[in-house]
Amino acid sequence: MVDLRSLALEQLIQRCHTTTVQYLRTHDAGGDSSYCLELFRRALQDHDESAWAFIYTTYSTEEFLGEHYILKWVRSWLHGRHGAVIRSAFTEEEIVHEVWLRFAQSDAARAFSFETMSQLMSYLRRLINNFMMDVARRRAPHFIESSTDEEAAHLEQVIRAVPDRSNDFDSIISEGESMEEMLREIGGQLIAND
């Protein structure tokens, strides 16, 4: 077994890149994600700027095969039902930056007990979901100018009634559920309650 902590950063980057490309092409999560996990650990715990640069470019920009996980998830929110509300508060880049900042400051990042990339990515997706829902909850009543205070309170109540699925993110991701579907659920509750 290779001691990942002793590997040069360039070797980790190359092996992580190879594993990620293989996953994107085959959608087979059977590859060795330990190299990518070690890069995340170095970025979060050792504050390695080169590891952060690779992670940021790979997972949240369009420079990597068009499969930019973080940016893709953020965009699913921005183009969903409450996209206008969210876009009125933050730009795409600000949201991505905020998610990475929250991740870096989280207890989960400090403890770094992720055993697979699937666990780590599920956690990142949960951070995005929570952040976007918080923005939508805070901004929606203020954004809908023509609504009464009663309508705004009703909207807030409906948004809070959406079931918390935070314990089941692996199945949500594997089922391919998008943020748009979650927002449709909120919309359906709004329509049903009118």
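The values are calculated or read from the model by the stated rules, or taken from the named source; none is laboratory data. Since this is a predicted model, take the numbers as computed values, not measurements. Positions of Cβ are backbone-derived with ideal geometry, glycine not excepted, and every protein chain shown enters the neighbour counts. We work out accessible area using only protein heavy atoms, side chains counted, and drop any ligands, DNA or RNA first. Shrake-Rupley method; radii C 1.70, N 1.55, O 1.52, S 1.80 Å.
Does region 1-15 include one or more residues that are surrounded by 18 or more Cβ atoms within 10 Å (Cβ to Cβ), under 15 Å from residue 117 (Cβ atoms) and under 21 Å from the mean Cα position of the chain (by Cα)? No - not one qualifying residue is present in region 1-15.
For the structure I just gave you, tell me whether residue 78 is modelled with pLDDT under 90, surrounded by 16 or more Cβ atoms within 10 Å (Cβ to Cβ) and more than 23 Å from residue 4 (Cβ to Cβ).
Values: modelled with pLDDT under 90: yes; surrounded by 16 or more Cβ atoms within 10 Å (Cβ to Cβ): yes; more than 23 Å from residue 4 (Cβ to Cβ): yes.
When the stated conditions are applied, residue 78 passes them.
Checked against the criterion of being open to solvent by less than 40 Å² (accessible area, probe 1.4 Å), under 15 Å from residue 133 (Cβ atoms) and more than 16 Å from the chain's Cα centre (by Cα), region 84-105 contains one or more residues that satisfy it. Counting the residues of region 44-66 that are assigned to a helix (DSSP H, G or I) and modelled with pLDDT under 85 gives 4. Answer yes or no as to whether residue 41 is open to solvent by 50 Å² or more (accessible area, probe 1.4 Å) and either modelled with pLDDT under 90 or assigned to a helix (DSSP H, G or I) (or both). No: the conditions fail for residue 41.
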